[in-house]
Amino acid sequence: MTDILSELAAVHRETARRPVPAGEARTVVLRREYDAAIEDVWDAITDPQRLRRWFLPVTGDLRLGGRYQLQGNAGGEIVRCEPPRLLTVTWIFGEEPKPGEISEVEVRLSTGAGGGTVLELEHAASVPAERWAQYGPGATGVGWDLTLLGLAMHLRGEHLDDPDAWVRSTEAREFITRSSRAWGAAMRDGGASDEEAATAERNTTAFYAP
């Protein structure tokens with residue numbers, strides 16, 4: 001697999017607050033450029049047969065206004081779909097969220113300066129203050145770092161023979177640890193203190209790589 005440090009360095013991360021109809025949401029944003037045509041990247045993130053090869057199996061009414069379900073993971077509604085540049089979905093675990101809660105994922109594709117495709121993923125969610133203090137942006141950010149790694153490998157024609165075994169490997173632990181640190185840095189850039197960011201880093205690493 002490509003060097004872990006190179007993969008992590010390829011991603012720009014940031015976190016902020018965003019007003020929503022129900023109040024305020026926390027956001028995590030990841031941005032990286034892939035050496036692939038925009039149509040290829042769009043197909044990789046929307047075609048069910050390709051999604052199952054690098055992400056998760058998906059089922060449902062996969063069209064604008066339809067609902068989807070990722071196997072063993074989130075589900076929701078397809079809110080916006082503008083091929084090959086914009087996809088917005090609600091992101092719900094288990095039952096419908098309580099009134100006032102929000103979780104939404106938007107993926108934006110554009111042509112990069114290097115001629116490849118820039119993917120920008122934004123996850124906005126209403127997060128209880130105590131949960132944010134405990135985990136910070138890494139709670140979702142580390143998972144999305146792993147997802148963008150999987151997409152990078154897929155676009156290069158690579159694959160893991162045993163993804164479950166890799167997640168338990170020393171290499172995966174190193175990736176998760178460094179990803180958590182990177183989100184701690186993004187948390188500091190977003191205004192958190194060193195102590196707040198260090199606490200979130202520690203808890204996030206323990207959650208993903210106990």
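The values are calculated or read from the model by the stated rules, or taken from the named source; none is laboratory data. Predicted model only: the values in this text are computed from it and were never measured. Virtual Cβ from ideal backbone geometry, glycine too; neighbours counted across all protein chains shown. Remember, those area values only see protein heavy atoms, side chains included, never the ligands or the DNA or RNA. Shrake-Rupley method; radii C 1.70, N 1.55, O 1.52, S 1.80 Å.
Residue pairs whose Cβ atoms lie under 7 Å apart, separated by 6 or more positions or on different chains, with the first residue in the range 29-56 and within 20 Å of I78 (Cα to Cα) and the second in a helix (DSSP H, G or I) and open to solvent by 50 Å² or more (accessible area, probe 1.4 Å), are R50/D43. Looking across the range 33-58, the residues that are closer than 19 Å to T88 by Cβ, out of contact with any Pro (no Cβ under 9 Å at 6 or more places or on another chain) and not in a loop (DSSP other than H, G, I, E, B) come down to A44, I45. Flag set for L149, criterion: touching a Phe, Trp or Tyr at 6+ places or on another chain (Cβ under 9 Å), touching a residue at least 12 places away in the same chain (Cβ under 8 Å) and assigned to a helix (DSSP H, G or I).
For A172, are the conditions met, namely being in contact (Cβ under 8 Å) with a residue 12 or more places away in the chain, more than 26 Å from E104 (Cα to Cα) and open to solvent by less than 30 Å² (accessible area, probe 1.4 Å)? So A172 fits the description; yes. Under 18 Å from A209 (Cα atoms) and open to solvent by 30 Å² or more (accessible area, probe 1.4 Å): is that true of R156 in this structure? Spelling it out, it is not the case that R156 is under 18 Å from A209 (Cα atoms) and open to solvent by 30 Å² or more (accessible area, probe 1.4 Å).
Residues that are small (G, A, S), touching a Lys or Arg at 6+ places or on another chain (Cβ under 9 Å), touching a residue at least 12 places away in the same chain (Cβ under 8 Å) and within 26 Å of Y34 (Cβ to Cβ): does the range 76-93 have at least one?
Checked the range 76-93: at least one residue is small (G, A, S), touching a Lys or Arg at 6+ places or on another chain (Cβ under 9 Å), touching a residue at least 12 places away in the same chain (Cβ under 8 Å) and within 26 Å of Y34 (Cβ to Cβ).
For the range 138-150, the criterion of being among the β-branched types (V, I, T), open to solvent by 30 Å² or more (accessible area, probe 1.4 Å) and more than 30 Å from V79 (Cα to Cα) is satisfied by no residue at all. Can you tell me which residues in the range 7-41 are more than 24 Å from A125 (Cα to Cα), modelled with pLDDT of 95 or more and open to solvent by less than 60 Å² (accessible area, probe 1.4 Å)? Scanning the range 7-41 gives A10, Y34, A36, A37, I38, D40, V41.
Condition check for R67 on (1) open to solvent by 60 Å² or more (accessible area, probe 1.4 Å); (2) farther than 16 Å from L119 by Cα; (3) in contact (Cβ under 8 Å) with a residue 40 or more places away in the chain: one failure, at (3).
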